[in-house]
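All of the numbers you see were taken from the coordinates with simple rules; none came from a lab. Since the structure is predicted, the reported quantities are computational estimates derived from the model, not experimental observations. Note: ideal-geometry Cβ built from the backbone for every residue, glycine included; neighbour counts use all protein chains shown.
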Amino acid sequence: MRFLPDAEQREFARTLDGMLGSAGTPGAVRSWACGDHGPGRALWARLAEAGVFALAVPEEHDGLGLLPVELAVAFGELGRHAVPGPLVETAAAGALLGRLGGDAARAWLPRLASGEAVASLCVLSSEGSPYALDADIADAVFVVDGDTVRLAESHGPVQPSADPARRLARPLGGTVLERGPKVAAAAAHAVEVAALATAAQGLGLGRALLERTVEYVRRRTQFGVAVGSFQAVKHRLADTLIALEFAQPLVHSAALALAAGDPASGREIAAAKVAAGEAAHASARTALHLHGALGYTAEPDLSLWIRKARPLRTAWGDPAACRARVLAAAPSGPGGVTGWFSAARV
């Protein structure tokens, strides 16, 4: 098994990085937060042209098939550039409809793959959230409630988030699209895709924050020397880097497991989600502290990354739920996963 992205996947990442780096993404994020979705939708169209959303859509519906490794690569770059919108939810909706098939799949999947339509997804469960991301601008909001999938017809009031570019609302009413036992299996698959994409997004976000912080402490001086030369700062940055480096193989391994149809993919994804989410959150705290007073202000673009870390940490599986899923299916003791989690404090 190859445990690193291949040359084609690395080139895909470089292409997305170059495209997003020149697209004025911070401005699109600020506009999205203010309710102006034009720049964000234009960016969405460019991502669709690059094939990002087709990565979660079956080939028979104009997609590329579900390609988890490529999806993780893409969402790593989306996190690195803090791209706004229900990106994860659109990919997860594609995975859901791809498993269900039928008229809804034929009607929506080609539109999702091409970027013509933006979707959001809400899976109602004891551990899920009753809110859908960006329900106010999505062309379709799919709601899974037990053995039923419906297309919401409206939404409740928009709720604030720690990230101003994330707008949450309860989906209301709607038309039933599918009902039956296969809905639960399709929804579980969609949640796994969403958790994997969110983990990759968080990992990319954390790396961007670390890179910006390293660059800043090299330039910032105190007592006539760069603050990056202080031992305490070096240790803080090293701890942040180690957390990200440990999360990276977990995300890649989870993508490989999902691609292979491994029955243990859910556990692998949960481990990747908690590791990447905690690493991104640690990166945000490091950036906040080492940027000093600058880190507490909303004017610099740095704030767009910092404020996204906490919501990504809990979206599609909070740390407690992810740890519980890993530990429930793992051997105990010093040599098992329970011992590793205790030692690593993921």
GNM of the chain, Cα pairs under 10 angstrom: of Ser22, Ser120, Ser253, the biggest fluctuation goes to Ser22
Among Phe230, Phe246, Phe12, the residue with the largest mean-square fluctuation in a Gaussian network model of the chain built from Cα contacts under 10 Å is Phe230
Charge tally for neighbours of Val326 with beta carbon under 12 Å away, counting Lys, Arg as +1 and Asp, Glu as -1, is +3
Calc'd 3J(HN,Hα), the stretch 247-253, phi into Karplus 6.51 cos²θ - 1.76 cosθ + 1.60 (θ = phi - 60°), Hz, glycine/Pro = x, comes to 6, 4, x, 5, 5, 5, 4
Treating only Lys and Arg (+1) and Asp and Glu (-1) as charged, each at its beta carbon, one finds that the stretch 67-224 has a dipole about its Cα centre, in Debye to the nearest 20, of 500
Residue by residue through the stretch 315-325, the couplings from Karplus 6.51 cos²θ - 1.76 cosθ + 1.60 with θ = phi - 60°, in Hz, x for Gly and Pro, are 5, 6, x, 6, x, 5, 5, 5, 4, 4, 5
One quarter of the C-alpha convex hull surface, i.e. the mean projected area of the stretch 191-344 in nm², amounts to 9.7
For the chain the mean separation of alpha carbon contacts under 8 Å (6+ apart) over residue count, i.e. relative contact order in percent, is 16
Residue by residue through the stretch 174-182, the couplings from Karplus 6.51 cos²θ - 1.76 cosθ + 1.60 with θ = phi - 60°, in Hz, x for Gly and Pro, are x, 9, 6, 9, 7, 9, x, x, 6
In a Gaussian network model of the chain with springs linking alpha carbons closer than 10 Å, the residue among Leu290, Leu55, Leu87 that fluctuates most is Leu290
Computed from every Cα-Cα pair in the chain, P(r) in 20 Å bins starting at 0 and rounded to whole percents is 31, 58, 10, 0
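Given the rule -39500 (n - 2.57) for each run of at least 4 DSSP H residues, summed and divided by the residues of the chain, what is its mean residue ellipticity at 222 nm, to the nearest 500 deg cm²/dmol?
Values: 12 runs with 200 residues, N = 346.
Helix contribution divided over all residues of the chain: -19500 deg cm²/dmol.
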In debye to the nearest 20, the charge dipole size for the stretch 191-344, taken about the Cα centre with +1 at each Lys and Arg Cβ and -1 at each Asp and Glu Cβ, equals 400
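Using a Förster distance of 35 Å, how high is the FRET efficiency between Asp62 and Ala329, based on the Cβ-Cβ distance and rounded to 0.05?
Values: r = 36 Å, r/R0 = 1.03.
Computed FRET efficiency for Asp62 and Ala329 comes out at 0.45.
Would you work out the charge dipole size for the chain about its Cα centre, treating the Cβ of every Lys and Arg as +1 and the Cβ of every Asp and Glu as -1, and quote it to the nearest 20 debye? Show your work: numbers first, answer last.
Details: 33 positive and 34 negative charges, 253 e Å.
Rounded to the nearest 20 debye, it is 1220 debye.
Antiparallel DSSP bridges in the chain: what percent, to the nearest 5?
Restricted to the chain, the bridges split so that about 70 percent are antiparallel.
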